[in-house]
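Engineer: Provided herewith is a single structure, encoded as structure tokens, for subsequent inquiry.
The values are calculated or read from the model by the stated rules, or taken from the named source; none is laboratory data. Treat the numbers as computed from the prediction; the structure is a model and nothing was measured. Glycine gets a Cβ as well: all are built from the backbone with ideal geometry, and neighbour counts include every protein chain shown. Side chains are part of the model used for accessible areas, which takes the heavy atoms of the whole protein and leaves out ligands, DNA and RNA. Shrake-Rupley method; radii C 1.70, N 1.55, O 1.52, S 1.80 Å.
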Amino acid sequence: MIIQILFLSSYLQQIQAFAPNAAVVGAMRNRRSADDGCSNYPTQSFSQGTTTHRNAFRFPFMTDDKVSVSSSRSTSQTIVEQYFAAWNKRNMDEAAACFTEDAEYNDTAFPQPLQGKEQIEKHLYRCAGAFPDTFKFVIDDLAVDRENGKIGAKWHVENGGEELPFTRGTSFYTLDLDSGLIQSGFDVVEPAVIKPGDAGLTLLSQAAKIIEQPVRIVPLVLWGAYMYVVFFSEGILPGANALVLEQRTWEEVLNLSLNFFLVAPILNLPFSPVVHPGLEGIFNLLLSWAAMFAGFLSDERDDKKNLMPMLPTVAGMQFLTSAFLLPYLGTRESETEDLEPVFVDDLGAVARAFESKAVGPFLGSVGLMSIVWAFVGRPEFGGFNERYSSLIDLLSIDRVGSSFLVDLAIFALFQGWLVDDDMTRRGVMQGEMNTLKAVAKYVPFFGMAAYLFLRPALPSKDLDLVGVDE
């Protein structure tokens with residue numbers, strides 16, 4: 001038990017745990033000889049298989065005498081209990097004497113294990129100088145394997161007889177069978193006030209993914225930069241940032257939304273607001289491109305859950321585009337090599353709908369119409385030169401419009417990110433249909449539309465059953 005403590009400040013304000021205490025270390029006495037301290041205790045020789053039973057209770061599945069489990073209230077002490085007792089008395093010479101000369105102690109609060117009795121003793125004295133005398137370690141349970149010289153301890157910390165929160169821990173010790181002294185120790189302490197739980201597992205999972213596929217860090221880093229530049233920066237993009245909440249910005253977003261997919265202006269509906277056709281074209285091209293990612297909804301299935309569910313991600317892309325796309329690409333689960341067949345019947349209703357061959361041509365035509373509209377829509381905005389000049393003037397002061405251009409560039413870079421896994425789900429092996437893959441990855445927008453139309457369909461269980469019957 002190399003000491004580790006995390007607890008509420010109501011018990012002790014800002015203890016600098018494990019902080020070096022030069023005065024204490026400098027005043028360290030010379031270590032006692034091997035005949036002192038724990039060596040003088042009546043320790044049993046584990047090599048002889050001596051048994052220690054101290055009002056022991058036993059787990060139901062333990063039926064032999066090799067392992068005993070006991071409470072710390074026993075009269076005779078194991079070497080571990082002697083070590084705890086010496087620590088609580090702040091007799092660090094005595095505590096260090098419980099270890100062999102070449103002992104190793106791995107305190108998981110520190111980056112490196114302590115090597116050798118001398119390092120352990122110095123560390124113990126540092127701890128003695130950092131904690132008040134009222135702090136005591138209390139052993140709750142011990143598990144003792146006498147034959148193999150192993151002891152497990154469950155413990156907590158008390159202050160003046162009151163248990164401190166978030167100070168439970170477990171330690172595992174291996175003993176030298178000849179001397180009965182501690183050869184190695186390992187501590188694990190309860191997490192502090194904020195317990196990571198599932199969040200900790202999620203972070204570990206994401207870290208493992210990045211280690212396995214370092215390229216994942218690209219969309220994640222870009223997402224951080226995107227969020228800062230588009231929403232919070234000053235001077236990088238024109239216009240005020242999102243925190244200013246300009247009325248003009250919200251009116252522009254509302255007007256563009258009312259002209260979604262250009263339905264209202266083409267039909268000349270009375271509620272259709274007048275917006276620069278170039279900005280309308282950019283906006284609707286971007287939304288049709290974002291909608292194409294719904295063609296990859298099979299990336300999320302019951303047997304393949306992603307950190308960010310795909311359907312909400314695609315829905316969010318209709319409002320915040322790359323703010324949803326980039327973290328999804330960086331955190332999603334990749335298809336495994338032992339992928340089971342993916343059947344269209346196993347997909348949800350929305351995912352099945354976007355498996356239709358019509359999705360690519362339809363959204364491709366919306367994008368093409370948006371480009372044409374930017375050049376010829378709303379004749380009152382003049383010819384090409386005039387509308388181009390006025391669009392540039394608008395974008396030079398408009399945060400929303402300029403962010404659309406950033407999104408178009410990001411979509412062009414990452415539209416092919418999901419293609420390889422999508423082909424794998426469809427039974428296309430590596431090296432097959434390379435031309436279609438290249439078109440999907442490297443031809444912005446229209447390459448993705450073509451891919452959604454030309455890619456192989458997911459198999460159907462019904463068709464497979466028909467083939468079996470025949």
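Engineer: In whole angstrom, how far apart do the alpha carbon centroids of the stretch 144-187 and the stretch 367-383 sit?
Structural biologist: 77
Engineer: I would also like to ask the following. Can you tell me the dipole magnitude for the stretch 212-454 around its Cα centre, using point charges on the Cβ only (Lys, Arg +1; Asp, Glu -1), in Debye to the nearest 20?
Structural biologist: Numbers: 15 positive and 27 negative charges, 97 e Å.
That gives a dipole near 460 debye.
Engineer: Also: Within 10 Å of each candidate Cβ there may be at most 16 other Cβ atoms; applying that plus a DSSP loop requirement, which GluC sites (Glu not before Pro) in the stretch 196-261 survive? Kindly include the intermediate steps, with their values, before the conclusion.
Structural biologist: On the way: sites: 212, 234, 246, 251, 252; in loops: 234, 246.
Here the GluC sites (Glu not before Pro) that fit, given the DSSP loop and packing criteria, are 234, 246.
Engineer: Cross-link candidates for residue 117: which aspartates and glutamates have Cα within less than 13 Å, leaving aside residues fewer than 8 places away along the same chain?
Structural biologist: Hits, sequence-local ones excluded: 93, 94, 101, 102, 104.
Engineer: Which of the chymotrypsin sites (Phe, Trp or Tyr not before Pro) found in the stretch 232-312 are loop residues per DSSP with 11 or fewer other Cβ atoms within 10 Å of their Cβ?
Structural biologist: Those satisfying the criteria are 271.
Engineer: Separation of the stretch 297-323 and the stretch 391-450 by C-alpha centroid, Å?
Structural biologist: So the separation of the two Cα centres works out to 16 Å.
Engineer: Let me see the P(r) profile for the stretch 212-454: every Cα-Cα distance counted, bins of 10 Å, each bin given as a percent of all pairs.
Structural biologist: 7, 29, 34, 21, 8, 1
Engineer: Once you have all Cα-Cα distances for the stretch 79-189, histogram them in 10 Å bins from zero and send the whole-percent values.
Structural biologist: In order of increasing distance, the bins hold 15, 48, 33, 4 percent.
Engineer: What net charge is computed for the residues neighbouring residue 258, neighbours being all others with C-beta under 13 Å from the C-beta of residue 258, Lys and Arg scored +1, Asp and Glu -1?
Structural biologist: -3
Engineer: Can I ask one more? Report, to the nearest whole %, how much of the accessible area of the stretch 344-470 belongs to carbon and sulfur atoms, 1.4 Å probe, protein only.
Structural biologist: Working: 4510 of 6670 Å².
Solvent-exposed carbon and sulfur of the stretch 344-470 make up 68 percent of the total.
Engineer: Now for a separate question. Quick check: pseudo-label points 7 Å beyond the Cα along Cα→Cβ at residue 210 and residue 90, how many nm apart are they?
Structural biologist: Going from the residue 210 label point to the residue 90 one covers 4.3 nm.
Engineer: Compute the accessible area per residue over the stretch 307-438, keeping the other protein chains in place, probe 1.4 Å, unit Å².
Structural biologist: Per residue, the stretch 307-438 has an accessible area of 48 Å².
Engineer: Report in % the part of the accessible area of the stretch 79-189 that belongs to carbon and sulfur, leaving out ligands and nucleic acids; probe 1.4 Å.
Structural biologist: Working: 2040 of 4140 Å².
Carbon plus sulfur share of accessible area: 49 percent.
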